[in-house]
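Have a look at the structure below before the remarks.
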Amino acid sequence: MDVSTTPLPERIARVLAGQRISANAGGDAESAGEQVDNAWRDYLADARAVLRTLREPDRKMAAAGDPAVWERMVLAAIEESKPETVVL
């Protein structure tokens, strides 16, 4: 099984940015790679919303594996997506 080196929140945010920017996915940019690179952070809140929705597996997902493991994995991704807090 492959394991991505890019954090899940970033991958989701990049997909959402690409969906809105790229002509291949409904946007209007012919070559959207650089624009997605510059814009994906703007979609992190949307990525967090997707992750919060994924916390609870549906019945088919639960039947395919361990729901507790799934929840811990998604919670880890949510934690990774939280903005850094700066204490002054």
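The values are calculated or read from the model by the stated rules, or taken from the named source; none is laboratory data. All values reported here derive from a predicted model rather than from experimental measurement. Positions of Cβ are backbone-derived with ideal geometry, glycine not excepted, and every protein chain shown enters the neighbour counts. Ligands, DNA and RNA are stripped out before the accessible areas are found, and what is left, the full protein with its side chains, is counted by its heavy atoms. Shrake-Rupley method; radii C 1.70, N 1.55, O 1.52, S 1.80 Å.
Out of all the residues in the stretch 46-53, is one or more within 19 Å of Arg14 (Cβ to Cβ) and over 10 Å from the mean Cα position of the chain (by Cα)? Yes, the conditions are met somewhere in the stretch 46-53.
Cβ-Cβ distances below 8 Å connect the following pairs, each with a first residue in the stretch 6-17 that is under 17 Å from Leu75 (Cα atoms), a second residue that is of a type outside the set (Asp, Glu) and not in a helix (DSSP H, G or I), and a separation of six or more residues or different chains: Arg11/Ser4.
Across the stretch 67-82, the qualifying residues are those that are surrounded by 14 or more Cβ atoms within 10 Å (Cβ to Cβ) and not hydrophobic (A, V, I, L, M, F, W, C), and the one among them that is nearest to Leu54 (Cα to Cα) is Glu71.
When Ala45 is tested against (1) at pLDDT 90 or above; (2) among the small types (Gly, Ala, Ser); (3) open to solvent by 90 Å² or more (accessible area, probe 1.4 Å), only condition (3) is not met.
Residue count for the stretch 51-66 under the criterion of being of a type in the set (A, V, I, L, M, F, W, C) and surrounded by 13 or more Cβ atoms within 10 Å (Cβ to Cβ): the result is 3.
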